[in-house]
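Participant: Below you will find the structure I want to go over with you.
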Amino acid sequence: MIHESRTLSSRTVAADDHDEPAWFAGAVDRLLQPIKDDLDTIKRDVRDLKTRLEKVRRISAITYNETCGTGDNVGLEVVPFANGEDPTEPPHNLPPLASYKAVHDLDAAQRDAYYRGYELPRHTRDPEERIELIIVAIGGIST
């Protein structure tokens, strides 16, 4: 009867604490390590692909815009900022520069935000010159 009591007590403690044998955690860690290493490699590769895709998207939009000609009704592609961020999405929330008219309709704050985002030279404060530099930065034809 004493033996049964000890066994029952041991089972109760083990069930309550959810204890695992000491060797179990080490064995699981050793088995999972190659999977964790592969996952880290995949995450790094996905980050690299995203960075490259941002560059390709930017170059593609600029190249497309270069072929569109001029005019207020010409449709342009939105060009990501120099850092790859989309100017129309948070935190920027700027209007899309989908036409020459859209560039000319920017207010001062929006124009300055695009100017900074495209990392254009800071040598001018003239609004018209900034508009022209933004148009060139997105692949448009300066007028």
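Participant: With a 1.4 Å probe and every protein chain left in place, work out the accessible area per residue of the chain in Å², rounded to a whole number.
Facilitator: That works out to 71 Å² per residue.
Participant: May I pose another question? Determine how many Å³ per residue the convex hull of the Cα atoms of the chain encloses.
Facilitator: 181 Å³
Participant: Which percent of Cα-Cα pairs in the stretch 62-143 sits in each 10 Å bin, short to long?
Facilitator: 19, 58, 23, 0
Participant: Mind checking the full-extension length gain between Thr70 and Glu132? Use 0.36 nm per residue of separation minus the Cα-Cα distance, one decimal, nm.
Facilitator: 21.1 nm
Participant: Per the 1.4 Å probe, what fraction of the accessible area of the stretch 55-127, in percent, lies on carbon and sulfur atoms?
Facilitator: For the stretch 55-127, the apolar C and S fraction of the accessible surface comes to 50 percent.
Participant: How big is D, in µm² s⁻¹, for the stretch 67-106 by Stokes-Einstein at 20 °C and 1.002 mPa s if Rh is the Kirkwood radius over C-alpha pairs?
Facilitator: The estimated diffusion coefficient comes to 199 µm²/s.
Participant: Any idea what the relative contact order of the stretch 24-143 is, in percent, if you count C-alpha pairs under 8 Å spaced at least 6 apart?
Facilitator: About 24 percent, as a whole number.
Participant: Shape call for the stretch 96-143 from the C-alpha gyration tensor, a ≥ b ≥ c root eigenvalues: rounded (a/c under 1.5), prolate (a/b greater than b/c) or oblate?
Facilitator: Rounded, since a/c falls under 1.5.
Participant: Hey, got the dipole for the chain? About the Cα centre, +1 on K and R Cβ, -1 on D and E Cβ, debye to the nearest 20?
Facilitator: 260 debye
Participant: Pull up all non-local amide H partners of Thr88: gap of 5 or more, or a different chain, and H-to-H distance under 5 Å with H placed in the peptide plane.
Facilitator: So Thr88 has HN proximity to Leu94.
Participant: Which residue, Leu97, Leu53, Leu39, has the most motion in a Gaussian network model of the chain that connects Cα atoms within less than 10 Å?
Facilitator: Leu39
Participant: How far apart, in nanometres, would the label points at Gln33 and Glu20 be if each is projected 7 angstrom from Cα along the Cα-to-Cβ direction?
Facilitator: 1.6 nm
Participant: So how far apart, in nm, are the two label points at Glu89 and Glu119 if each is 7 Å from Cα heading toward Cβ?
Facilitator: 2.0 nm
Participant: How large is ³J(HN,Hα), in whole Hz, for each residue of the stretch 127-139 in order, when computed from phi with the Karplus curve 6.51 cos²θ - 1.76 cosθ + 1.60 and θ = phi - 60°, using x for Gly and Pro?
Facilitator: Couplings: x, 5, 5, 5, 4, 4, 5, 5, 4, 5, 5, 8, x Hz.
Participant: Turning to a different aspect of this structure: Going through the stretch 43-143, which trypsin sites (Lys or Arg not before Pro) have at most 14 other Cβ atoms within 10 Å and a DSSP loop state?
Facilitator: Listed in order of number, the matching sites are Arg122, Arg125.
The values are calculated or read from the model by the stated rules, or taken from the named source; none is laboratory data. Please read these numbers as outputs of a predicted model, since none were measured by experiment. Cβ coordinates were reconstructed from backbone atoms using ideal geometry, including for glycine residues, and neighbour counts include every protein chain displayed. Each accessible area value is taken on the protein alone, full model and side chains, heavy atoms only, with ligands, DNA and RNA left out. Shrake-Rupley method; radii C 1.70, N 1.55, O 1.52, S 1.80 Å.
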